Amino acid sequence: MKMQPIVDALRMRLVPIAGGLVGLLIIALIAAWLRGNHYRDNRNEWRDVAQLQRKAVTAAEKAAAARAEAVRIETETRYAEQARKADREEPASVVDQRAAADRYGDAHAGVRAPVHCGPSGGPAATAANGTAPDRDGPGADALAGYVTIPRVKYDQFRDNTLRLERVRIWGEGLIADGLAVPSEELGAPAD
């Protein structure tokens, strides 16, 4: 059969085509390999950038925490100094108030204070004989509507009142130094 010449003719044409296809396949594989290297390089670069960003964020967080700690320590120090100052030094207005209260207490053997209500919350009333029932109200020697306070109790009231005045002055100092905020700014009702 004369097939041989046909096979030879096909072989002559197919071999260069197959060779060309194999060559193109090799070129495509090399190009894909090179392109893959490019993507791997880009991926590695982005990974490095992300690691640097994480390190920068961590360093910034540490620096911010250190600054916040320094501010906290400085604020605590200023606050503690204000508290020590308030404990050590009595403001002139409180000294004047204490002197006035002492003069008033010294001038009166028993300090008389107004009675607003009786022991049960009702009006204060004395017994028919002028003595207070169960010693809860003023006696016959007291002015009507007043009760006599022993000097010890008067001194306690005076000290507590002056202590509250010192606290008020201390609080105003904290607000002036920026260590506290007035209650109006917090939404609390003003007195």
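Out of residues 5 or more away from Ile149 or on other chains, whose amide H comes under 5 Å of its own, with H placed 1.01 Å from N in the peptide plane?
Long-range HN contacts for Ile149: Val111, Arg112, Ala113.
Ignoring ligands and nucleic acids, what accessible area does Arg103 show with a 1.4 Å probe (Å², nearest 10)?
We get 150 Å² for Arg103.
Along its principal axes, what span do the Cα atoms of segment 1-41 show, with the longest given first and each in whole Å?
Principal-axis extents of segment 1-41 (Cα, largest first): 60, 11, 5 Å.
Quick one: what are the phi-derived ³J(HN,Hα) couplings along segment 77-85, Karplus 6.51/-1.76/1.60 with θ = phi - 60°, whole Hz, x for glycine and proline?
Residue by residue, segment 77-85 yields 5, 5, 5, 5, 5, 4, 5, 4, 4 Hz.
Kindly rank 169-175, 67-73, 77-83 from highest to lowest mean number of other beta carbons found within 10 Å of each residue.
The peptides rank, most packed first, as 169-175, 77-83, 67-73.
Report the net charge of residues surrounding Glu74, where surrounding means a beta-carbon distance below 14 angstrom and charges are Lys +1, Arg +1, Asp -1, Glu -1.
-1
The values are calculated or read from the model by the stated rules, or taken from the named source; none is laboratory data. In this text, all values refer to a predicted model and were calculated from it rather than measured experimentally. Neighbour counts run over all protein chains shown; Cβ positions are idealised from the backbone, glycine included. Heads up: the accessible areas ignore ligands, DNA and RNA and are worked out on the full protein's heavy atoms, side chains in. Shrake-Rupley method; radii C 1.70, N 1.55, O 1.52, S 1.80 Å.
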